[in-house]
Amino acid sequence: MTDQLSAPPSALVDPGVAAPASWWRDAVIYQIYPRSFADSDGDGIGDLPGIRSRLPYLRDLGVDAVWLSPFYASPQADAGYDVADYRTVDPMFGTLADARALLGDAHDLGLRVIVDLVPNHSSDQHEWFRRALAEGPGSPLRARYHFRPGRGADGELPPNDWPSIFGGPAWTRTTDPDGTPGDWYLHLFAPQQPDFNWDHPAVADEFRTILRFWLDLGVDGFRIDVAHGLVKAEGLPDVGVRTEWHLLDVGVSPCFDRDGVHDIYRSWRTILDEYPGERIAVAEAWAPTLGRVADYVRPDELHQAFNFSYLGTAWDAAAQRRAISESLAAMRQVGAPATWTLSNHDVVRHTNRLLQPDDGDVAGRRPAEVDPVAGLRRARAATLLLLALPGSAYLYQGEELGLPEVVDLPPEVRQDPAFHRATGQDGYRDGCRVPIPWAGDRPPYGFGPPGGASWLPQPASWAGLSVAAQQGDPASTLELYRAALALRRADPALGAADNLRWCAAPEGLLVFERGTSLRCTVNMSAGPIRIPRPGAALLTSGPADLSGAQVVIPADTTVWWAV
Ligand code: NOJ
């Protein structure tokens with residue numbers, strides 16, 4: 001695989017502000033959740049050939065890159081975030097040859113490809129872990145994970161008080177080969193996801209070779225799962241709270257955001273930099289402050305980190321302005337671009353989330369029914385705001401169709417492992433993972449061949465939301481995304497430069513300029529707001545009469561203006 005990409009148009013920067021013209025600094029990266037994107041063989045689960053067939057759609061949408069959630073060999077205890085073999089494609093998704101072909105096609109279309117790397121834990125079916133269990137307490141492979149004797153007279157209590165993020169204790173007791181109860185092993189997530197011991201040199205070596213394996217195959221980068229979790233405090237001390245973790249509230253934690261993780265990322269950066277074409281890594285790093293998140297993207301570490309504090313910011317002009325300013329300031333300190341995300345495979349889709357009452361749980365607001373018209377109006381306004389911000393934007397498959405969260409999945413079809421562990425904080429993630437409607441008036445709406453299934457049921461109401469139904473309709477959400485992405489590419493003011501300037505505005509209206517030629521106005525108040533017309537309207541997220549000297553911006557509406 002060769003890197004055939006020429007400099008993409010999005011590398012244009014405002015010449016007035018110095019910013020390196022690296023492709024990733026303002027890239028729009030589209031997250032594909034492979035099992036739910038496109039199913040080529042009718043088994044109800046999306047796959048790599050399915051993705052390949054839809055790449056032209058993504059090129060036409062106007063994104064710069066795709067990020068693929070895991071497609072590696074996995075028993076799917078956590079939808080692929082439990083990897084049994086890091087160098088193999090799971091047959092459910094295809095083959096390594098399919099991965100290679102997908103990379104080739106994507107590059108031919110000018111799309112870069114980022115793959116998911118899951119270094120905090122493996123599957124319990126990973127060869128190391130299976131052998132560690134089978135060989136019993138003396139197995140040297142046990143040192144690559146966290147095995148410990150239990151507490152209590154007979155070792156019947158977990159070694160410490162850490163809860164699993166998916167609910168219940170973070171420890172599971174093993175059974176020795178002779179059938180007696182044995183040591184416990186650590187899993188911050190499901191019991192099928194044992195945590196690696198990153199103090200063991202074989203673990204670090206293994207991941208360096210895994211990085212090279214995929215870089216050699218031609219990937220353009222990695223999304224690092226649980227990037228904040230790899231290093232644990234020596235001695236695995238008690239944390240003192242017996243509730244589930246709230247990832248953003250961890251403070252100084254014995255298992256998250258330890259300083260030692262940064263050595264790992266420095267060593268990975270040297271590998272990424274050996275390859276041509278600016279291969280990147282983006283951290284899924286939950287840390288207590290934006291400053292701590294910025295540590296992951298210092299010049300000799302990773303390139304980007306997801307901005308979860310922005311994702312969790314309420315739809316409120318003052319709160320949004322604060323969150324945007326603080327994000328830009330934090331990243332500026334280390335010379336990294338800010339990133340912006342509204343939806344992903346772990347959170348309630350923003351068509352619902354932005355209208356739901358804030359229940360205080362940034363990551364996992366419980367999905368709730370909202371007025372679909374109001375939800376979509378606000379989601380479109382939020383997206384246009386997001387795409388006007390300096391830095392890199394992450395979109396989640398289906399948001400360009402305005403898909404709502406599916407809130408009424410019956411318990412028997414749900415597959416989120418946390419759902420079945422009752423107290424897990426992320427237990428309701430299936431509702432944002434329902435397969436994409438491409439065309440047609442009944443399920444699977446072109447997700448797979450006619451008459452085929454889909455691993456989660458698609459709502460009967462989704463016919464009107466399919467790609468085919470929206471294509472060419474200027475009022476559709478799909479065409480709004482296309483128009484916004486085309487303008488973002490074409491307008492130098494919307495490039496990578498950190499050139500946002502806030503403008504005075506009535507309460508509830510967020511107004512900022514990018515460079516000197518583009519202004520963005522977002523009405524986050526409950527009613528319409530009248531302002532002098534700032535310039536020529538370029539794009540609006542919803543219906544508005546923008547022609548007079550005075551214009552009225554309706555509630556939950558964003559307008560881009562050429563000024
Ligand atoms: C974060 C991933 O986004 C999520 O889907 C997964 O369950 C956990 N990490 C564990 O790998």
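Looking only at residues in segment 274-314 that are open to solvent by less than 30 Å² (accessible area, probe 1.4 Å) and of a type in the set (Phe, Trp, Tyr), which one is farthest from Asp346 (Cα to Cα)?
Top of the filtered list is Tyr296.
Looking only at segment 353-362, decide whether some residue is in contact (Cβ under 8 Å) with a residue 12 or more places away in the chain, in contact with a strand residue (DSSP E or B) (Cβ under 9 Å, 6 or more places away or on another chain) and assigned to a loop (DSSP other than H, G, I, E, B). Let's see the steps before the verdict.
Let us first name the residues in segment 353-362 that are in contact (Cβ under 8 Å) with a residue 12 or more places away in the chain, namely 353-356, 358, 361-362.
Filter once more, keeping what is in contact with a strand residue (DSSP E or B) (Cβ under 9 Å, 6 or more places away or on another chain): none.
Checked segment 353-362: no residue is in contact (Cβ under 8 Å) with a residue 12 or more places away in the chain, in contact with a strand residue (DSSP E or B) (Cβ under 9 Å, 6 or more places away or on another chain) and assigned to a loop (DSSP other than H, G, I, E, B).
Give me a count of the residues in segment 45-61 that are open to solvent by 10 Å² or more (accessible area, probe 1.4 Å) and either assigned to a loop (DSSP other than H, G, I, E, B) or farther than 23 Å from Trp455 by Cα (or both).
Residues of segment 45-61 open to solvent by 10 Å² or more (accessible area, probe 1.4 Å): 45, 49, 52-54, 56-57, 59-60.
Now narrow it down to the ones that are either assigned to a loop (DSSP other than H, G, I, E, B) or farther than 23 Å from Trp455 by Cα (or both): 45, 54, 56, 59-60.
Looking only at that region, the number is 5.
With a cut-off of at least 3 residues that are open to solvent by 20 Å² or more (accessible area, probe 1.4 Å), name the strands (runs of 3 or more DSSP E) lying wholly within segment 94-205.
171-175, 181-186
Would it be correct to say that Pro459 is within 30 Å of Ala38 (Cα to Cα) and open to solvent by 50 Å² or more (accessible area, probe 1.4 Å)? Walk me through it before giving the result.
Details: within 30 Å of Ala38 (Cα to Cα): yes; open to solvent by 50 Å² or more (accessible area, probe 1.4 Å): no.
Spelling it out, it is not the case that Pro459 is within 30 Å of Ala38 (Cα to Cα) and open to solvent by 50 Å² or more (accessible area, probe 1.4 Å).
So if I check each of Gly155, Gly179, Gly218, which one is touching a Leu at 6+ places or on another chain (Cβ under 7 Å), more than 14 Å from the ligand (Cβ to nearest atom), on the phi > 0 side of the Ramachandran plot and at pLDDT 90 or above? Lay out the reasoning, then the answer.
Values: Gly155 fails: touching a Leu at 6+ places or on another chain (Cβ under 7 Å); Gly179 fails: touching a Leu at 6+ places or on another chain (Cβ under 7 Å).
From the options Gly155, Gly179, Gly218, the qualifying one is Gly218.
Which of (1) over 26 Å from the mean Cα position of the chain (by Cα); (2) touching a residue at least 60 places away in the same chain (Cβ under 8 Å); (3) open to solvent by 40 Å² or more (accessible area, probe 1.4 Å) does Arg87 not meet, given it meets every other one?
For Arg87, the failing item is (1).
Quick one: in segment 539-551, which of the residues that are part of a strand (DSSP E or B) and closer than 20 Å to Leu376 by Cα is most open to solvent (accessible area, probe 1.4 Å)? Don't jump to the end; show me each part of the working.
Within segment 539-551, the subset part of a strand (DSSP E or B) is 539-540, 550-551.
From what is left, the residues that are closer than 20 Å to Leu376 by Cα are 539-540.
Values: Leu539: 26, Thr540: 42 Å².
The extreme case among them is Thr540.
Any residue in segment 413-420 that is surrounded by fewer than 21 Cβ atoms within 10 Å (Cβ to Cβ), away from the ligand (no atom under 16 Å from the Cβ), closer than 21 Å to Val348 by Cα and not small (Gly, Ala, Ser)?
Yes, segment 413-420 contains a residue that is surrounded by fewer than 21 Cβ atoms within 10 Å (Cβ to Cβ), away from the ligand (no atom under 16 Å from the Cβ), closer than 21 Å to Val348 by Cα and not small (Gly, Ala, Ser).
Which residue is nearest to the ligand (Cβ to nearest atom), if the candidates are limited to segment 316-329 and must be open to solvent by 10 Å² or more (accessible area, probe 1.4 Å) and within 20 Å of the chain's Cα centre (by Cα)? It would help to see each step written out before you state the result.
Just the residues of segment 316-329 that are open to solvent by 10 Å² or more (accessible area, probe 1.4 Å), to begin with: 316-319, 321-323, 325-326, 328-329.
Filter again for within 20 Å of the chain's Cα centre (by Cα), leaving 323, 328.
Working: Ala323: 21, Leu328: 25 Å.
Looking at the filtered set, the residue picked out is Ala323.
In this structure, does Gly94 turn out to be in contact with a helix residue (DSSP H, G or I) (Cβ under 6 Å, 6 or more places away or on another chain), among the small types (Gly, Ala, Ser) and more than 23 Å from Ala468 (Cα to Cα)? Quick ask: steps written out before the conclusion?
Working: in contact with a helix residue (DSSP H, G or I) (Cβ under 6 Å, 6 or more places away or on another chain): yes; among the small types (Gly, Ala, Ser): yes; more than 23 Å from Ala468 (Cα to Cα): yes.
Yes; evaluated as a whole, the condition is true for this residue.
How many residues does segment 70-92 contain that are over 19 Å from Asp195 (Cα atoms) and within 16 Å of the ligand (Cβ to nearest atom)? Can you show your working first?
Residues of segment 70-92 over 19 Å from Asp195 (Cα atoms): 71, 88-92.
Okay, now just the ones that are also within 16 Å of the ligand (Cβ to nearest atom), so 71, 90.
Residues in segment 70-92 being over 19 Å from Asp195 (Cα atoms) and within 16 Å of the ligand (Cβ to nearest atom): 2 in total.
The values are calculated or read from the model by the stated rules, or taken from the named source; none is laboratory data. Small disclaimer: the values here were computed from a predicted structure and weren't measured. Here Cβ is always computed from backbone atoms with ideal geometry, including for glycine, and neighbour counts include all displayed protein chains. Note: areas computed on protein heavy atoms with side chains; ligands, DNA, RNA excluded. Shrake-Rupley method; radii C 1.70, N 1.55, O 1.52, S 1.80 Å.
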